[in-house]
Amino acid sequence: MVKFGPSGTSPIFYDAGYKITLDVPNWLNNIGLQAYEYSFGAGYRLSLEKAQNFGIEFEKYKISLSLHAPYYINFANPDNIMIEKSFSYVLRGFEYLKMMKGKKLVVHLATQGKLSRDEALFLTSKNLDDCLRRIYENNFENFYLCPETMGKFSQIGNYKEIIDLCVKDKILMPTFDFGHINCLLGGELKNKDDYKRIFDYSFEKLGEFKTKNCHIHFSKIQFSAKGEIRHLNYDDENFGPSFEPFAEIIYDYELTPTVICESKNFMAEDALTFQSIYNQVKTMKN
Ligand SMILES: [Zn+2]
């Protein structure tokens, strides 16, 4: 089953009279969404008690939960102390996943910094190996670590790099952020063939299970020559990508991803829009 949901809570949550974030699973269920991404991008600021209560609610309403690890993780940092910190942030993310009854931890792997691309990729790959060892040592191998495709050229993670890294281990599953991919392609993620290229490469390298159950971030994103500038809402007319061709690929390739919308303020509304576009495609093709 394809699942749709927002990253974080739209203003409509509060407009609808909800006051505490513990009500998020109930709210999502009421408006007809099935997934949610909780962001620890700025750090792990959630008490263990709240995390556990969240887990109970997410399970009760059958909302599929993913977590976003802190943005300051960087596997291409040449400093070993910083690398140890990055590992601890990943492990902490898995502890939260366990408490909050989620399955997927999304992570930005690295930035290139002053290194060459090859050096940064080498460090990222080596440190990912070490991180995987820690994950297994701590018995988190029943969860997925989902490296994300990034939107700036200075970051590690174009779609081929992410797919190639995900070959390493069964717990690595790609996060395709199509807003980001579109930034790196200079706005050329437009038709079905553009998506096909990405999924064909993923099927070839990662096989059916990881490709069909991949994690998706979708939103329109403004970009410059350096890549990503900022996230927009889906009604923006200047920047892409548009959801229709991707909805067709989901149907044609029988994908069952979790699609998380990262629009600026309308993530729940736009997630519902994506869902209805997908349902239209399904009705048309059946
Ligand atoms: Zn991200």
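Things to note:
- The ranking of Tyr38, Tyr71, Tyr89 from fewest to most other beta carbons within 10 Å of each one's beta carbon is Tyr71, Tyr89, Tyr38.
- Residue-averaged 222 nm ellipticity for the chain, from DSSP H runs of 4+ at -39500 (n - 2.57), nearest 500: -14500 deg cm²/dmol
- Beta bridges by DSSP in the stretch 3-285, antiparallel share as percent, to the nearest 5: 20 percent
- Neighbour counting of Cβ atoms within 10 Å sorts the residues Thr111, Thr175, Thr149, fewest neighbours leading, into Thr111, Thr149, Thr175.
- Flagged links, alpha-carbon separation over 27 Å, of Lys126/Lys220; Lys101/Lys192; Lys85/Lys168; Lys3/Lys205; Lys103/Lys126: Lys126/Lys220; Lys101/Lys192
- Amide H to amide H, with H built 1.01 Å from N, Ser64 comes under 5 Å of Ala35, Tyr36, counting only residues 5 or more places away or on other chains.
- Shape analysis of the stretch 125-214 yields a ratio of the Cα radius of gyration to the Kirkwood radius, Rg/Rh, of 1.00.
- Using only alpha-carbon positions in the chain, the gyration tensor eigenvalues give semi-axes of 27, 24, 18 Å once each is multiplied by 5 and square-rooted (largest first).
- A straight chain from Glu59 to Val167 at 0.36 nm per residue would run longer than the Cα-Cα distance by 35.8 nm.
- The residues neighbouring Asp235, those whose beta-carbon lies less than 12 Å from its own, together hold a net charge of -2 under the Lys/Arg +1, Asp/Glu -1 convention.
- Neighbours of Ile56, meaning other residues whose beta-carbon lies under 15 angstrom from its beta-carbon, give a summed charge of +1 when Lys and Arg score +1 and Asp and Glu score -1.
- Amide hydrogen neighbours beyond the local backbone of Thr111, cut-off 5 Å, H modeled: Phe75, Ala76, Ile156
- Close amide H pairs (under 5 Å, H built 1.01 Å from N) link Lys152 with Glu228, residues at least 5 positions away or on another chain.
- Simple point charges give the picture: +1 on the Cβ of Lys and Arg, -1 on the Cβ of Asp and Glu, and for the stretch 163-286 a dipole about the Cα centre of about 260 debye.
- With R₀ fixed at 25 Å, the C-beta to C-beta distance from Gln280 to Ile229 puts the FRET efficiency at about 0.25.
- When Asp130, Asp194 are sorted by how many other C-beta atoms sit within 10 angstrom of their C-beta, beginning with the fewest, the order is Asp130, Asp194.
- FRET efficiency for the Tyr251 to Glu49 pair, using the beta carbon distance and R₀ = 41 Å, is estimated at 0.45.
- The stretch 87-104 and the stretch 15-73: distance between their alpha carbon centers, rounded to Å: 13 Å
- Taken one residue at a time, the phi angles of the stretch 180-194 give Karplus couplings (6.51, -1.76, 1.60, θ = phi - 60°) of 4, 4, 4, 4, 5, 8, x, x, 9, 8, 10, 10, 4, 4, 5 Hz. Gly and Pro are set to x.
None of the figures in this text is laboratory data; all of them are computed from the coordinates on show. Remember, it's a predicted structure, so these values are computed and weren't measured experimentally. Neighbour counts run over all protein chains shown; Cβ positions are idealised from the backbone, glycine included.
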